[in-house]
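Encoded as C-alpha cells, the structure appears first; notes follow it.
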Amino acid sequence: MGPTTAGKTELALGLAERFGLEVVSVDSAQIYRYMDIGTAKPGGKALAAAPHHLIDILDPTERYSAARFCEDATRVLAEIHARGMTPLLVGGTMLYFKALRDGLSQLPAADSYTRAVIDAMAEASGWPALHAELNRIDPTTAARLKSTDAQRIQRALEVYYLTGQPLSVLIAQYQPGAPARRTIPIALEPSDRAVLHQRIEQRFEVMLELGLIGEVRRLRERFDLNPSLPSMRAVGYRQVWQHLDGEFGLRTLRATAVAATRQLAKRQLTWLRSWSDAQRFDCLAANLRGQVEAYVGRQLDQLPHAR
C-alpha cells in the first residue's frame, strides 16, 4: 500500500519475480479499459512479467464500488490460492484495502429506480440543492462531502430513501469482525513529502508528454461519458475534462491536476497511518527493494503453503 508515485508498481514486479506471486490490483481507476496514461497502468511488458488481476475489467461508462471490489477480489484470491500461489495486493485505493480486510457495513444494494429519481431531482435542481437536502437528513455525511460530489451525494440519499436511516448512523453501527485472511501489510511512506510532491509534478508532465489529453479526448469520442461518472472523476481525468471543455488553459491544467494529486496523496497517507499493523518502509530509500524483499521473505518462511 502507498500513496501515488511511491513506486508500488515497480516494487510489486520485483516481489512477484522474486517470490513467484500473482498481482491483484487495488486501484479504483486501473479497473477501466482504455484509461492507461492517466492511471499509470502497468504496460505490456510489466503485465507479461507476472500475472495481474482486476485491471481492465470495466468500460469507463460503468460504475464500481468497494462492495463489488470485495466480491471480485475474494473470487480472484480464491482462484490464486487454488493454484497453490500467493497473491500480492498492490494499489493506493485505501478504502478497498480496508473493505477487504474488515468487511463492509450492511448497506442496501444500489437501486436503479431510486437512483433515477435522484438523478431527475439533480437535473431539475442541481447537486448543491441535493447536498442541502442531505444536510437536512444527514448532516454528518453532508459535512464531509462537497456540494458537487454527485456520486457520494446520490449514494447517501439512496441509502436514506431505501432504509429511512442516515448513512452515517448505519456506518456507525457497523462493528468489523476479525480479519478473515492472514495478511502481510506493507506501507510505503516518504521520509520527505517534498520529494513525493516533486515526483507527482514530474509524473504528470510525463503523462502530458505521453498524450493524456488525447487519451481523454478519444474516450469522450468513443463513449457516452459525463464528468459525474467515477471514471472521469479520477484525478487527472477530471482536470483534463475541464480543460477540454474550455474551463482553463494548459498552465492551469498542470497546476490543478498536480494540486489534486497532492491532496490524493495526503488522503492516502492519512489512511496508512490508521493501519496499525503495517510494516512501514521509506519509499524514497535507495535500497527499498532489498529491504522489502528481505522482510517479505522472512514472513513467507512462516507460511507453510506460501512458497
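Check the range 65-78 and report whether any residue there is touching a His at 6+ places or on another chain (Cβ under 6 Å), modelled with pLDDT of 90 or more and under 21 Å from Ala12 (Cβ atoms). Yes, the range 65-78 contains a residue that is touching a His at 6+ places or on another chain (Cβ under 6 Å), modelled with pLDDT of 90 or more and under 21 Å from Ala12 (Cβ atoms). Quick one: in the range 182-201, which of the residues that are among the basic types (Lys, Arg) and modelled with pLDDT of 95 or more is surrounded by the most Cβ atoms within 10 Å (Cβ to Cβ)? Per the stated criteria, the residue is Arg199.
Is at least one residue of the range 219-226 assigned by TED's automatic domain parsing to the domain that holds Ile186, surrounded by 14 or more Cβ atoms within 10 Å (Cβ to Cβ), closer than 17 Å to Lys41 by Cα and touching a residue at least 60 places away in the same chain (Cβ under 8 Å)? Yes: the range 219-226 contains one or more residues that are assigned by TED's automatic domain parsing to the domain that holds Ile186, surrounded by 14 or more Cβ atoms within 10 Å (Cβ to Cβ), closer than 17 Å to Lys41 by Cα and touching a residue at least 60 places away in the same chain (Cβ under 8 Å). Taking the options Gly236, Gly297, name whichever one is surrounded by 12 or more Cβ atoms within 10 Å (Cβ to Cβ), in the same structural domain as Thr86 (by TED's automatic domain parsing) and touching a helix residue (DSSP H, G or I) at 6+ places or on another chain (Cβ under 6 Å). The match here is Gly236.
Applying a threshold of 9 Å to beta carbon distances and a minimum spacing of six or more residues, or different chains, the list of pairs starting in the range 138-151 at a residue that is assigned to a helix (DSSP H, G or I) and ending at one that is acidic (Asp, Glu) reads Ala142/Glu133; Ala150/Asp119. Taking (1) assigned by TED's automatic domain parsing to the domain that holds Arg181; (2) part of a loop (DSSP other than H, G, I, E, B); (3) surrounded by 15 or more Cβ atoms within 10 Å (Cβ to Cβ); (4) modelled with pLDDT under 95 in turn, Ala306 satisfies each apart from (1).
Residue count for the range 7-27 under the criterion of being within 29 Å of Arg218 (Cβ to Cβ) and either buried (at least 22 other Cβ atoms within 10 Å of the Cβ) or touching a strand residue (DSSP E or B) at 6+ places or on another chain (Cβ under 6 Å) (or both): the result is 8.
It is to be established whether one or more residues within the range 34-54 are modelled with pLDDT of 95 or more, surrounded by fewer than 16 Cβ atoms within 10 Å (Cβ to Cβ) and out of contact with any His (no Cβ under 7 Å at 6 or more places or on another chain). Yes, some residue in the range 34-54 is modelled with pLDDT of 95 or more, surrounded by fewer than 16 Cβ atoms within 10 Å (Cβ to Cβ) and out of contact with any His (no Cβ under 7 Å at 6 or more places or on another chain). Could you list, in sequence order, all residues of the range 101-119 that are surrounded by 15 or more Cβ atoms within 10 Å (Cβ to Cβ) and within 12 Å of Arg68 (Cβ to Cβ)? Answer for the range 101-119, where residues must be surrounded by 15 or more Cβ atoms within 10 Å (Cβ to Cβ) and within 12 Å of Arg68 (Cβ to Cβ): Leu104, Ala110. Identify, by number, the condition in (1) loosely packed, with under 15 Cβ neighbours inside 10 Å; (2) part of a helix (DSSP H, G or I); (3) in contact (Cβ under 8 Å) with a residue 12 or more places away in the chain that Leu134 doesn't meet. Answer for Leu134: the failing condition is (1). Checking each residue of the range 195-208 against the condition of being of a type in the set (A, V, I, L, M, F, W, C) and over 27 Å from Phe281 (Cβ atoms) gives at least one match.
One residue alone among Tyr34, Tyr64 is touching a residue at least 24 places away in the same chain (Cβ under 8 Å), aromatic (Phe, Trp, Tyr), part of a loop (DSSP other than H, G, I, E, B) and closer than 27 Å to Leu269 by Cβ, and that residue is Tyr64. Can you tell me which residue within the range 64-87, out of those that are under 22 Å from the mean Cα position of the chain (by Cα) and among the basic types (Lys, Arg), is farthest from Ala50 (Cα to Cα)? Looking at residues that are under 22 Å from the mean Cα position of the chain (by Cα) and among the basic types (Lys, Arg), I get Arg68. Within the range 222-281, the set of residues being modelled with pLDDT of 95 or more, within 17 Å of Met35 (Cβ to Cβ) and not in a helix (DSSP H, G or I) comprises Phe223, Asp224, Leu225, Ala234, Val235, Gly236. When Thr261 is tested against (1) polar (S, T, N, Q); (2) loosely packed, with under 12 Cβ neighbours inside 10 Å; (3) under 29 Å from Pro128 (Cα atoms), exactly one condition is not met: (2).
The values are calculated or read from the model by the stated rules, or taken from the named source; none is laboratory data. Source: prediction; values computed, not measured. Note that we place each Cβ from the backbone using ideal geometry, even for glycine, and neighbour counts take in every protein chain shown.
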